[in-house]
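So the structure is just underneath, and the comments pick up after that.
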Amino acid sequence: MATPVPINKILVPVDLTDSSRLALRYAIELGNALGASTLDVLHVWDAPGGQTLADFVLCEHGETMQALLADAEHKGRFVVHGRLEVGQPAPRSIVDVAEEGYDLIVMGSRAGLDEPSVTEEVARNARCPVFTVREGADEPE
């Protein structure tokens, strides 16, 4: 019998949509079940008009991110980190971060898009497994 691959570090890219919030809930459940040590919540922010990190923290997205992190810390049995990357929310940014040693990516996917989604591109290019949560999926137990 093969030895299970340990899942210690989980990356959860969020764009603050309902599908990414659902993916975070799944990541929390998976992290707890698999005994993960770290869950990192990544938001790639395309800073409008030269805004700064301080501007992000004070804006609605920053407040939403803080609430997501607090919820993950409350429900998880692992260390939770928030991570903000400035740039285009492109698949390459997520894949680049994932190459820093993550064992699993958990991310939401919206159905019905005509062009390849960010989630599909990440799944094609990431070196670690990608667990996708389709928008409208049942809540984790």
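Quick grid of which residues meet (1) surrounded by 12 or more Cβ atoms within 10 Å (Cβ to Cβ); (2) aliphatic (A, V, I, L, M); (3) outside any loop (DSSP other than H, G, I, E, B):
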| residue | (1), (2), (3) |
| --- | --- |
| Val44 | yes, yes, yes |
| Phe56 | yes, no, yes |
| His61 | yes, no, yes |
| Ala70 | yes, yes, yes |
| His81 | yes, no, yes |
| Gln88 | no, no, no |
| Ser93 | yes, no, yes |
| Glu100 | no, no, no |
| Gly108 | yes, no, yes |
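Residues to consider are Ser117, Ser93, Ser20; find the one that is of a type in the set (S, T, N, Q), modelled with pLDDT under 90 and out of contact with any helix residue (DSSP H, G or I) (no Cβ under 6 Å at 6 or more places or on another chain).
On inspection, the qualifying residue turns out to be Ser117.
Residue check, Gly31 against (1) at pLDDT 95 or above; (2) touching an Asp or Glu at 6+ places or on another chain (Cβ under 6 Å), all met but one. Which one?
With respect to (1) at pLDDT 95 or above; (2) touching an Asp or Glu at 6+ places or on another chain (Cβ under 6 Å), Gly31 is out only on (2).
Exactly one of these conditions fails for Asp40: (1) within 25 Å of Gly101 (Cβ to Cβ); (2) assigned to a helix (DSSP H, G or I); (3) among the charged types (D, E, K, R). Give me its number.
Result: Asp40 passes all but (2).
List pairs: first residue in the range 47-62 and touching a residue at least 60 places away in the same chain (Cβ under 8 Å), second residue surrounded by 12 or more Cβ atoms within 10 Å (Cβ to Cβ) anywhere in the structure, Cβ distance under 7 angstrom, at least six positions apart or on different chains.
Qualifying pairs under 7 Å: none.
The values are calculated or read from the model by the stated rules, or taken from the named source; none is laboratory data. Values in this document were obtained by computation on a predicted structure and should not be read as measured data. Because the Cβ atoms are built from the backbone with ideal geometry, glycine has one as well, and the counts that use them run over all protein chains shown.
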